[in-house]
Amino acid sequence: METSPKPIRRILFFNSVPDIMGRFCHTLPERDQTLAIRNQYSLDALIVLLCLARKGEMLEDDPQHHLPSACAFDILPRVLYTHWPLRYRWEHLFACLDRIYWQRVYLDGSCYMYPIKKMRAHLMMLDADPAAKLPQKSGKRLRVICDDPLRLAEERILRAISVT
């Protein structure tokens with residue numbers, strides 16, 4: 001994630017460059033940050049979303065696994081459409097992603113369906129019209145990510161409620 005392109009790092013990290021010690025400040029992304037990464041519709045965004053889903057799985061945090069997984073499903077057709085080497089035998093890639101990310105039963109017993117026939121239909125829609133609007137399982141992004149991380153931190157502090 002730390003080597004992802006700068007637009008994605010600006011969404012993920014407090015600062016898009018490492019600190020003086022060469023480290024990034026990792027935090028769990030909020031919903032709007034995850035959707036902002038999804039909206040990049042790139043191979044790099046897909047990779048970061050899969051990394052975030054894996055991180056959520058390792059932390060045993062179901063929401064931190066589910067949203068990035070759903071976002072990865074949403075952008076996969078566009079990634080396959082724009083990266084022809086991945087599209088060659090894409091069903092095998094889909095089967096691998098499905099087994100690892102999408103066939104999960106969460107702690108509350110819920111599970112979500114990510115059918116391959118839907119992926120085929122989305123690819124056909126993109127073949128017919130590259131600008132086609134595809135349905136999204138992960139929902140819509142309702143607010144814009146602030147480019148100024150300090151202002152964003154100040155707004156969060158102002159929203160915090162004091163317990164003293």
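The values are calculated or read from the model by the stated rules, or taken from the named source; none is laboratory data. These figures come from a predicted structure and were not determined experimentally. Here the Cβ positions follow ideal geometry from the backbone for every residue, glycine too, while neighbour counts run over all protein chains shown. When the accessible area is computed, the model is the full protein with side chains, heavy atoms only, and any ligands, DNA or RNA have been set aside. Shrake-Rupley method; radii C 1.70, N 1.55, O 1.52, S 1.80 Å.
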* Structure fact -> So for R0 = 35 Å, FRET eff. of Ser110-Asp44 from the Cβ-Cβ r, to 0.05, ends up at 0.75
* Using the Karplus equation 6.51 cos²θ - 1.76 cosθ + 1.60 (θ = phi - 60°), what ³J(HN,Hα) coupling, rounded to whole Hz, does each residue of segment 98-110 give in order, writing x for Gly and Pro? -> 4, 5, 7, 10, 9, 9, 10, 9, 7, 4, 7, x, 7
* In nm, give the distance between the simple-model label positions of Met21 and Thr82, each being 7 Å from the Cα along the Cα-to-Cβ direction. => 3.6 nm
* Structure fact -> To the nearest Å², the heavy-atom accessible area per residue of segment 1-101 with 1.4 Å probe amounts to 52 Å²
* Structure fact -> Carbon plus sulfur, as percent of the 1.4 Å-probe accessible area of segment 1-122, comes to 59 percent
* Asked: Simple spin-label model, 7 Å along Cα-to-Cβ: Leu93 to Lys133 in nm?
  -> 2.6 nm
